[in-house]
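The values are calculated or read from the model by the stated rules, or taken from the named source; none is laboratory data. Nothing here was measured: the structure is a model prediction, and the numbers come from that model. Reconstructed Cβ throughout: ideal geometry from the backbone, glycine too, with neighbour counts over all protein chains shown. Accessible surface areas use protein heavy atoms only, side chains included; no ligands, DNA or RNA. Shrake-Rupley method; radii C 1.70, N 1.55, O 1.52, S 1.80 Å.
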Amino acid sequence: MLFQKKTRAAALAALAVSVALVATGCAAGDSGSDGAEGDGGNLSITFLPKNLGNPYFDTSNAGGEEAIEEFGGTFAEVGPAEATPDGQVSYINTLTQQGVGAIAVSANDPKAICDALNEARDAGVKVVTFDSDTNADCRDLFVNQADSEGIAKVQVDLIAEQIGDAGEIAVLSASANATNQNAWIELMKEELAANHPDIELVEVVYGDDDDQTSFDKTAALLQTHPNLKGIVSPTTVGIAAAARYLQTSEYQGKVALTGLGTPNQMREYVEDGTVTAFALWNPADLGYLAAFASKALIEGDITGAEGDTFDAGKLGEYTVGADGVVLLGDPYVFDAENIGDFDF
């Protein structure tokens, strides 16, 4: 193998999926006034994912809810149905008016939600980005799922191994403006150029984190590039949709597919041989860490400065790095040998 798998098996059992709250319904800030204030401030924390109904964010938000229950805060989840920055802005504005203690947001665009986030910060709301960052001056902390270079490299290593380190590949991404996706793709291009000269990246397409769009983009890629040997999809929605297409097509077992996915989404495709291996971090841990980072900011234990340290419950102590970034850990590779050990 071109990479080393971790030996630790995560034991996530039946995480409850959070109820999606609309901004005009149960106000997150209102619930925070019912005794959810800790010793250092208002521990009403609302998670704002890229979009609702996304299994990845269902899991990360459930991790956030678990953490917030542990330290006695108030959890809420709001978000748009589609992964668009305009959809997130209205929720940020409403949460600011409600006076929540913190917003944990996965940004659909690095710039488009900045004005709204800075208005929230001016009003005393702490802002933690997770999964996908904004510009650094728009938030207090960014909880990064893993080092971007490591995420890019593990995906390139996986596809290179699966296609014999030669041939045409394509990338099926999320939205064209997704901060994390674009960073990983640029790093993948660099890794391919430096270490895999016989692999040609022929096209990058965008499924907008929508299942049907991603499914259709997969079909179009295979029609446009008849010599395609592999697809990398660094998005949980995209990789599952691409696998669903490949599973019942003539390309099953002929075109390799890897990227970032959750075990529960990808289990059947690994078990039937459609997918050999894929990678991810533990999204529940990502949400859990984002919640504890929010708490530390609210209570004044940290400011987001490099070198700040804070406790993150069962995950232990974390240190803030340069540019206000907190790193969860390394990517994990899932395959037929270990996928049965996971439930998320």
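Place a +1 charge on the Cβ of each Lys and Arg in the chain and a -1 charge on the Cβ of each Asp and Glu, then give the dipole magnitude about the Cα centre in debye, rounded to the nearest 20. Show your work: numbers first, answer last.
Working: 17 positive and 54 negative charges, 90 e Å.
Using only the charged Cβ atoms, the result is roughly 440 debye.
For the stretch 264-279, what does the Karplus curve 6.51 cos²θ - 1.76 cosθ + 1.60, with θ = phi - 60°, yield as ³J(HN,Hα) per residue in whole Hz, taken in order and with x for Gly and Pro?
5, 5, 9, 3, 5, 6, 6, 5, 9, x, 5, 10, 8, 7, 8, 10
Going by average Cβ neighbours within 10 Å, how do the peptides 129-138, 99-108, 323-332 rank, with the highest at the top?
Averaged packing, sorted descending, gives the order 99-108, 129-138, 323-332.
For Lys229, which lysines qualify as cross-link partners when the Cα separation must be under 23 Å and same-chain residues fewer than eight apart are set aside?
Partners within reach: Lys153, Lys189, Lys217, Lys254.
Tell me the label-point distance for the pair Asp122, Ala136, using the 7 Å Cα-to-Cβ offset, in nm and rounded to one decimal.
It is 2.3 nm.
Let's test the formula: R0 of 45 Å, r as the Cβ-Cβ distance of Asp211 and Ala305. What FRET efficiency results, to the nearest 0.05?
Plugging the Cβ-Cβ distance into 1/(1 + (r/R0)^6) gives 0.65.
Could you point to the residue in Ile231, Gly64, Thr96 farthest towards the positive end of the chain's charge dipole, with +1 and -1 charges on the Cβ of Lys/Arg and Asp/Glu respectively?
Selected residue: Ile231.
If amide hydrogens are placed 1.01 Å from N in the peptide plane, which non-local residues have theirs closer than 5 Å to the one on Thr74?
Here Ser44, Ile45 satisfy the definition.
Using Cα positions and a limit of under 27 Å, work out the lysines in reach of Lys295, with same-chain residues fewer than 8 apart set aside.
Filter leaves Lys50, Lys111, Lys126, Lys314.
Quick one: helix 236-247 against the long Cα principal axis of the chain, what's the angle to the nearest 10°, folded into 0 to 90?
For helix 236-247, the angle is close to 30 degrees.
Please report the accessible area of Glu271 (heavy atoms, 1.4 Å probe, ligands and nucleic acids excluded) in Å², nearest 10.
The accessible area comes out at roughly 140 Å².
Could you point to the residue in Phe310, Cys114, Leu257 farthest towards the positive end of the chain's charge dipole, with +1 and -1 charges on the Cβ of Lys/Arg and Asp/Glu respectively?
Leu257
What is the dipole size for the stretch 235-307, taken about its Cα centre, with +1 at each Lys and Arg Cβ and -1 at each Asp and Glu Cβ, in debye to the nearest 20?
Once rounded to the nearest 20, the dipole reads 240 debye.
Roughly how many percent of the accessible protein surface of the chain is carbon and sulfur, given a 1.4 Å probe and a whole-percent answer?
Details: 6050 of 13410 Å².
That share works out to 45 percent.
Helix 211-224 versus the longest principal axis of the chain: what angle, 0 to 90°, nearest 10, using Cα atoms?
Relative to the chain, helix 211-224 is tipped by roughly 30 degrees.
Report ³J(HN,Hα) in whole Hz for each residue of the stretch 77-90, in order, from the Karplus equation J = 6.51 cos²θ - 1.76 cosθ + 1.60 where θ = phi - 60°; Gly and Pro get x.
9, 9, x, x, 6, 10, 7, 10, x, 4, x, 6, 4, 5
What Kirkwood Rh does the stretch 167-232 have if only Cα atoms enter the pairwise 1/r average? Answer in Å.
After inverting the pairwise mean of 1/r, the radius is 12.3 Å.
Taking amide H positions as placed in the peptide plane 1.01 Å from N, state which residues far from Val171 in sequence (5 or more) or on other chains have amide H under 5 Å from it.
Glu203, Val204, Val205, Val232
Along the charge dipole of the chain, pointing to its positive end and built from +1/-1 on Cβ of Lys, Arg, Asp and Glu, which listed residue (Asn182, Leu246, Val105) has its Cα farthest out?
Leu246
Based solely on its DSSP helices, what 222 nm [θ] is calculated for the chain when runs of n ≥ 4 H residues each add -39,500 (n - 2.57) and the sum is averaged over all residues, nearest 500 deg cm²/dmol?
Values: 10 runs with 127 residues, N = 344.
For the chain, the value works out to -11500 deg cm²/dmol.
How many Å³ per residue does the convex hull of the Cα positions in the stretch 231-318 occupy?
Normalising the Cα hull of the stretch 231-318 by residue number yields 108 Å³.
Round to the nearest 10 and give me the degree value, 0 to 90, for the angle of helix 179-195's Cα axis relative to the longest principal axis of the chain.
In the chain, helix 179-195 runs at an angle near 40 degrees to the longest axis.
Suppose we take every Cα in the chain and form the convex hull; what volume per residue is that in Å³?
Measuring per residue, one finds 121 Å³ for the Cα hull of the chain.
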